[in-house]
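To start, the structure under review is shown below, and the notes come after it.
The values are calculated or read from the model by the stated rules, or taken from the named source; none is laboratory data. Here the structure is a predicted model, which means the values were calculated and not measured. Neighbour counts run over all protein chains shown; Cβ positions are idealised from the backbone, glycine included. Just so you know, the surface numbers come from the protein's heavy atoms only, side chains and all, with ligands and any DNA or RNA stripped out. Shrake-Rupley method; radii C 1.70, N 1.55, O 1.52, S 1.80 Å.
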Amino acid sequence: MKSFDLNQFPSQIAHKEFTEAEGIQKIAEFISCNYPVFGLHLYDEDFRAEVIVRFLEKGTQVYQKYNPEIGDFFTYLYSYIMNIVCNIKKKDAKDKLK
């Protein structure tokens, strides 16, 4: 299990310790190495890959929309990933109905 202190990422980016793109890359690496944390072990490899691809496509929104006054960054990130999972499942269900 690979671990980062994900709660420190927004402040590290603000202090220019690394760029947003590098942060997104590290989070994607964290997701792929620790997929059981997000419940992704219940899905096949293709589904997990689609979650990571969607995160990489829209990952910059994670930093832009995060509000530290509301909660921890990891909690926000977890909700963001769960939203991606729900969107993929919803899209798959719509495609099956067609």
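Some observations on this one:
- Residues of region 32-51 that are under 12 Å from M82 (Cα atoms) and hydrophobic (A, V, I, L, M, F, W, C): V37, F38, L40, V51.
- Every residue from region 58-87 that is open to solvent by 70 Å² or more (accessible area, probe 1.4 Å) and either under 14 Å from E29 (Cα atoms) or of a type in the set (K, R) (or both): K58, K65
- Contact annotation: residue pairs with Cβ atoms under 8 Å, 6 or more positions apart or on different chains, pairing a residue in region 70-98 that is free of Cβ contacts under 8 Å to residues at least 24 places away in the same chain with a partner that is of a type in the set (A, V, I, L, M) and assigned to a loop (DSSP other than H, G, I, E, B), are Y76/I70.
- Hits in region 5-57 (condition: in a loop (DSSP other than H, G, I, E, B), on the phi < 0 side of the Ramachandran plot and open to solvent by less than 60 Å² (accessible area, probe 1.4 Å)): F18, N34
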